[in-house]
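The values are calculated or read from the model by the stated rules, or taken from the named source; none is laboratory data. What you are looking at is a predicted structure, and each value in this text was computed from that prediction instead of being measured. Ligands, DNA and RNA are stripped out before the accessible areas are found, and what is left, the full protein with its side chains, is counted by its heavy atoms. Shrake-Rupley method; radii C 1.70, N 1.55, O 1.52, S 1.80 Å.
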Amino acid sequence: MGIAGAEECRRVELEELRRISERACMLAGRRKNSDEFHGRRVLSNSSSDTDEEPGDELVCVTSGVSPLGLAVVNQLLQRGFSVRIVLDNPEDREKLGEMNSEAGGIRINDSKVSTVSANLTDCDSLANAFEGCRGVFHTSSFIDPTGLTGYSKAMAEVEKNVSENVMEACARTSSVRYCVFTSSLLACIWRDGTRAELPPVVDHDCWSDQSLCVDKKLWYALGKLRAEKAAWRIAKERGLKLVTICSALVTAPDLCNMRNSTATIAYLKGAQEMYEQGLLATVSVRRLAEAHVNVYEAMGENEAHGRYICFDQIIKTQAEAEALAREIRVPVSKICKSQEASTSTSSKFQLSNKRLFNLTSSRAPTRCYSLTHFPI
């Protein structure tokens, strides 16, 4: 990416952050003028579920200035939550500083969005950041710019270690009741396809084979797999309520130049094989964010638990592959063989997001959801 491209990337990011900050200030202003609002309240594990109105609580989002983090923050604000964003590197702090200076003096700490600095590799630092929050959205992902695909083998271990830190910090923090953990569809689909006993349907019960990921050098898939496994292990050991969302490849036309481009390249390692087996799927960042908040709200009503696969399109044809390549700005050869004689794949497996679809559909009378179900 050239200088012009980098400047455009930063402009898009700052504009999105500015919109969120302005929305937060507007919401905060409305609540200050309301006779029913007397300041932000924070729930703890000892408080009654009936003490608070739905949404009137503080939650924390890791990597809240990433494309997904921004979208989750925006969804939370729309539903009345107060949001604390974890900043874990100088780049994020610099970005927020530029946004504040360019937004006419708007300061995030004056609104329903606040920030806190924390080291994702330090459990104590995270526990301090989570204190006072009822829920945590762990959306962070890790990228190694020196790796050929943006994600090296060493990053898989970093991803797992951070997952352990986040979960342990949640368990240590008295106020935290729930955690929504962003995993990946890659933690589900990489299995030994030569095994006759493999069921044709890939759903929330499926787990990728760790040794297969290592053999194929699918480091991004390995990192997501290890991180999610670690999260579930600690959640069960510590009695923490956890939901994981196994996300397909995230797309966002208006954010295509943002930092997730490197993560996109890492996700696409092995994409030709995924495409041939009918396992290459995408999800818009907005719908993925909606799914995160929908699931979180359902957790509070004991309606959500376990794993959920989230996607809204399966790339099945050459035309769809070419359209995706244009959208995420990669050569179509990274997705499928460009000289295919046929126009579509003969899928060996079938993805199912039925569990997430059923959850959101059952709650549709009181909320508006947008998710496509691919029936099995």
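Structural remarks
- Sequence of Glu237, Glu276 when ordered by accessible area, the most exposed leading, probe 1.4 angstrom: Glu237, Glu276
- Overall, the accessible surface of region 125-237 at a probe of 1.4 angstrom is composed of carbon and sulfur to the extent of 51 percent.
- Close amide H contacts of Cys60 (hydrogens built in the peptide plane, cut-off under 5 Å, sequence separation of 5 or more or a different chain): Arg84, Gly135, Val136, Phe137.
- 3J(HN,Hα) along region 179-184: 9, 10, 10, 7, 9, 9 Hz, from the Karplus curve 6.51 cos²θ - 1.76 cosθ + 1.60 with θ = phi - 60°, whole Hz, x for Gly and Pro.
- For Val201, the residues whose amide H sits under 5 Å from its own are Gln350, ignoring neighbours fewer than 5 places away on the same chain, with H placed 1.01 Å from N.
- For Ala304, the residues whose amide H sits under 5 Å from its own are Met299, ignoring neighbours fewer than 5 places away on the same chain, with H placed 1.01 Å from N.
- Backbone geometry of region 299-312 corresponds, through the Karplus equation with coefficients 6.51, -1.76 and 1.60 at θ = phi - 60°, to 3J(HN,Hα) couplings of 4, x, 9, 6, 9, 10, 6, x, 9, 9, 8, 10, 7, 10 Hz, x marking Gly and Pro.
- For region 195-319, the share of DSSP beta bridges that are antiparallel, to the nearest 5, is 20%.
- J(HN,Hα) series, region 117-123, from Karplus relation 6.51 cos²θ - 1.76 cosθ + 1.60, nearest Hz, glycine and proline x: 8, 8, 9, 5, 9, 10, 4
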